[in-house]
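Q: Below is one structure. I have some questions about it.
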Amino acid sequence: MEKEELTNKVEEPLADYDRHTYADYLTWQMDEMVELIKGKIFKQTAAPRSIHQRVSGIVFNSLFNFLKGRKCEVFAAPFDVRLPLNSKKNEDIDTVVQPDICVVCDPEKIDELGCVGAPDLVIEILSPGNNKKELQNKYEVYEESGIKEYWVIHPNECTLIINTLINGKYQASRIFTHGDKVASQAVEGFVLDLVEVFDDMI
């Protein structure tokens, strides 16, 4: 597929019959970040805004400092996370996402291309234009692939919701906001102080 043709196609998710795999993904040369969700192409609508990057930096640094000397590792986008349902072969994987932040505690899931298999914790930071993808499309594949925790941060509203996987289904926490401290069950011992995250935004 030519680059120009592909770029035109990724304005919206492709139809069900246009299924792509990670093997296809590896052949593309594009100027923008794309993700595959159940074989459909989704592209980044625009570069993340400054508020998104500030929040991402604060949360990543908190996790990075906490995880020093521990077996878990934290990664920030762009970082490919392949979510196979059955086979780990490139031609069989049809979901490849780039979470804003993820924590992987099984070193065998890390290879030179990124992560293959479910991270323990995924954090997405909402931006204008990507809310449906994060709240609906990614929610479904994160739940199906067995990601233990999925955090959703809304910088403009200064809120955080934790989706915890229980018996194969996500259960949402209450809405946390400035002044709260939130603890992760997937990354034992990690506590994020939302004063540090949102203090300059209210």
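Q: Do we find that Met33 is under 20 Å from the mean Cα position of the chain (by Cα) and at pLDDT below 80 in this structure?
A: On the way: under 20 Å from the mean Cα position of the chain (by Cα): yes; at pLDDT below 80: yes.
Yes, satisfied.
Q: Output the number of residues of the stretch 45-61 satisfying the condition of being surrounded by fewer than 18 Cβ atoms within 10 Å (Cβ to Cβ) and touching a strand residue (DSSP E or B) at 6+ places or on another chain (Cβ under 6 Å).
A: The total comes to 1.
Q: Take residues that are touching a helix residue (DSSP H, G or I) at 6+ places or on another chain (Cβ under 9 Å), of a type outside the set (Gly, Ala, Ser) and surrounded by 19 or more Cβ atoms within 10 Å (Cβ to Cβ) and tell me which of the strands (runs of 3 or more DSSP E) falling wholly in the stretch 141-202 contain 2 or more.
A: Numbers: elements: 149-154, 159-166, 169-172, 181-183, 191-193.
Ranges flagged: 149-154, 159-166.
Q: List every residue pair whose Cβ atoms sit under 7 Å apart, with the two residues 6 or more apart in sequence or on different chains, where the first one lies in the stretch 48-70 and is assigned by TED's automatic domain parsing to the domain that holds Val187 and of a type in the set (Phe, Trp, Tyr) and the second, anywhere, is crowded, with 17+ Cβ neighbours inside 10 Å and part of a helix (DSSP H, G or I).
A: Listed by first residue and then by second, the contacts come to nothing, as the list is empty.
Q: Could I ask something else about it? Regarding the stretch 48-58, can at least one residue be identified that is out of contact with any Cys (no Cβ under 9 Å at 6 or more places or on another chain), more than 21 Å from Gly146 (Cβ to Cβ) and among the hydroxyl-bearing types (Ser, Thr, Tyr)?
A: There is at least one residue in the stretch 48-58 that is out of contact with any Cys (no Cβ under 9 Å at 6 or more places or on another chain), more than 21 Å from Gly146 (Cβ to Cβ) and among the hydroxyl-bearing types (Ser, Thr, Tyr).
The values are calculated or read from the model by the stated rules, or taken from the named source; none is laboratory data. Because the structure is a prediction, the values reported are computed rather than measured. For neighbour counting, all protein chains shown are included, and Cβ atoms are generated from backbone atoms with ideal geometry for every residue, glycine included.
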